[in-house]
Amino acid sequence: MSEEVVRRRKPHKKRKKPKAIFYLPNILIGVALILILAYILCIMVFRTTSVEVSGNHILSDQEIESQVVTGKYTKYGLVQVVKRILKPVKNLPFCESCRVSVSLTSPHTLKIKIKEPTLLGYISLSDGKMAYFNDDGIVEEVSDRQVSGLLPVSGISCSKASKGELLPINKSCRRTLLQIVKAMKKYGIKTDSVTFKEDREVSAVSGDITYDFGTFDYMQEKLMRLPYLLPHLTGLKGTLHLDTWTPENTDIIFEKSEG
């Protein structure tokens, strides 16, 4: 007698719909509400009526505003903040960083905070522009703008300079330049200008006194004598001849100017 094998079919399980389908309407409503709220904040609360610029001494407020606040939505502070977070300002002259913000305490004021590089002086280039450099001899900016209050360096030929690179001048000239400026700053001597002569000799002017250092030889030793000489130069006009100083000849002559 043969056995009858009965195959039972497993009951068909219904597929459950993803939970996201049930929550989709609520998600869409939430997104819409967020967009509406953001629109209201931009239009009603954070609508810009004034721009406040701080930290700038070289570029004017108007120059900075025109380069930072751009596009169609210049009157919407939050839009400008988000824009500058996603796309930071680049190539703004004489600027290390630029921060744009608004606050609940002054929602109608767009604030732009600038951080300028620390500049020491500049060298004129053959194309009429100026290479501005820092205490380390690094070029911070190349511009045709004349910035007052910085140290002019003359007598050195320099045809081209690039931002972020060392000042492209003779290595010994660059080292001597930084030596002089740092030493005079250390001793409280305001340097008005530094002049090189044929890449071999150098002098500096401070007020009515010209410091003639002569050649680059024994430059450190010459500079070390400045604090001992300063008290004797008060009220005088003329040239301090450090150019003749050597370990064998330690005499330093001051030549008074006429008048």
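The values are calculated or read from the model by the stated rules, or taken from the named source; none is laboratory data. Quick caveat: nothing in here was measured; it's all calculated off a predicted structure. With ideal geometry, Cβ positions are generated from the backbone for all residues, glycine too; neighbour counts draw on all protein chains shown. The protein model used for the area step is the full one, side chains on, heavy atoms only, and it has no ligands, DNA or RNA in it. Shrake-Rupley method; radii C 1.70, N 1.55, O 1.52, S 1.80 Å.
Candidates are the residues of the stretch 120-130 that are within 22 Å of the chain's Cα centre (by Cα) and assigned to a loop (DSSP other than H, G, I, E, B); the one that is surrounded by the fewest Cβ atoms within 10 Å (Cβ to Cβ) is Gly128. Taken over the stretch 69-95, residues that are aliphatic (A, V, I, L, M) and farther than 19 Å from Ser106 by Cα amount to 4.
Comparison of Asp144, Asp212 shows that the only residue that is free of Cβ contacts under 8 Å to residues at least 40 places away in the same chain, open to solvent by 20 Å² or more (accessible area, probe 1.4 Å), closer than 30 Å to Gly128 by Cα and touching a His at 6+ places or on another chain (Cβ under 6 Å) is Asp212. All conditions but one from (1) of a type in the set (S, T, N, Q); (2) over 27 Å from Tyr132 (Cα atoms); (3) in contact with a Phe, Trp or Tyr (Cβ under 7 Å, 6 or more places away or on another chain) apply to Asn249; the one that does not is (3). For the condition under 23 Å from Glu198 (Cα atoms) and open to solvent by 80 Å² or more (accessible area, probe 1.4 Å), what is the one hit in Leu166, Leu151? Going through Leu166, Leu151 in turn, just one is under 23 Å from Glu198 (Cα atoms) and open to solvent by 80 Å² or more (accessible area, probe 1.4 Å): Leu166.
Elements of the type helices (runs of 4 or more DSSP H) sitting completely within the stretch 140-237 and holding at least 1 residues that are farther than 21 Å from Lys256 by Cα and among the basic types (Lys, Arg): these cover 171-186. Would you check if Arg174 is under 19 Å from Phe216 (Cβ atoms) and basic (Lys, Arg)? Here the answer is yes, as Arg174 does meet what is asked. Residue count for the stretch 46-95, restricted to those that are closer than 30 Å to Ser148 by Cα, without any contact (Cβ under 8 Å) to a residue 24 or more places away in the chain and open to solvent by 70 Å² or more (accessible area, probe 1.4 Å): 5. Taken over the stretch 186-204, residues that are modelled with pLDDT of 90 or more, of a type outside the set (Ser, Thr, Tyr) and open to solvent by 40 Å² or more (accessible area, probe 1.4 Å) amount to 6. Quick one: which of Thr244, Thr234, Thr250 is surrounded by 12 or more Cβ atoms within 10 Å (Cβ to Cβ) and β-branched (Val, Ile, Thr)? Going through Thr244, Thr234, Thr250 in turn, just one is surrounded by 12 or more Cβ atoms within 10 Å (Cβ to Cβ) and β-branched (Val, Ile, Thr): Thr244. For the stretch 98-119, the set of residues classified as open to solvent by 40 Å² or more (accessible area, probe 1.4 Å), farther than 30 Å from Ser154 by Cα and among the hydroxyl-bearing types (Ser, Thr, Tyr) consists of Thr105 only.
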